[in-house]
Amino acid sequence: MPNIKSAIKRVKVNEKANIANSQAKSAMRTTVKKAENAVADNAENKQELLQAAFKSLDKAASKGLIHKNAAARKKSRLAKKA
């Protein structure tokens with residue numbers, strides 16, 4: 001644990017950001033999995049779930065959680081499956 005006040009604050013801020021980023025990334029993965037399952041089962045709401053997955057991938061890329069090319073690749077593969 002650091003002794004300097006600014007370093008202590010930095011550790012706290014980094015921990016909070018890590019938790020928020022982990023939750024956002026997990027939520028993104030969940031929406032993508034739901035869309036993949038809907039496409040595989042040919043569900044009637046697959047279009048809505050695909051849009052939600054695309055939105056969450058774009059959001060994660062804009063926040064820097066995943067690389068923008070990784071988001072584009074995942075979107076492309078999802079669209080190809082559908």
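Worth a mention:
- Take the Cα of Thr30, step 7 Å toward its Cβ, do the same at Asn45, and the gap between the two points is 1.4 nm.
- Considering only Asn18, Leu57, Val32, and ranking their Cα positions along the charge dipole of the chain that arises from unit charges at the beta-carbon of Lys, Arg, Asp and Glu, the one farthest toward the positive end is Asn18.
- Note on the stretch 8-51: Lys pairs 8 or more places apart or on different chains, Cα atoms under 22 Å apart, count 7.
- Relative contact order (%) - criterion: Cα under 8 Å, at least six apart; region: the chain: 25
- Lys16/Lys55 FRET efficiency (R0 25 Å; Cβ-Cβ; nearest 0.05): 0.55
- For the chain, the solvent-accessible area with a 1.4 angstrom probe is 77 square angstrom per residue.
- Once backbone amide H atoms are built at 1.01 Å from N, Ile66 has Ala61 as its partners under 5 Å, excluding neighbours fewer than 5 places away on the same chain.
- Fraction of accessible area attributable to carbon and sulfur, the chain (%, probe 1.4 Å): 51
- Accessible surface of Ser62, taken over heavy atoms with a 1.4 Å probe and every protein chain present, rounds to 100 Å².
- Heavy atoms of Leu49: accessible area, 1.4 Å probe, square angstrom to 10: 50
- Surface accessible to a 1.4 Å probe, Lys68 within the full protein complex, Å²: 140
- Whole-number Å³ per residue for the convex hull built on Cα positions in the stretch 3-79: 78
- Table column - 3J(HN,Hα) (Hz), the stretch 63-73, Karplus curve with 6.51, -1.76, 1.60, x for Gly and Pro: 8, x, 6, 10, 5, 5, 6, 5, 5, 5, 5
The values are calculated or read from the model by the stated rules, or taken from the named source; none is laboratory data. What you see is a predicted model, and the numbers here were worked out from it, not measured in a lab. Every residue, glycine among them, receives a Cβ derived from its backbone with ideal geometry; neighbour counts consider all protein chains shown. Only protein heavy atoms, including side chains, enter the accessible area calculation; ligands, DNA and RNA are left aside. Shrake-Rupley method; radii C 1.70, N 1.55, O 1.52, S 1.80 Å.
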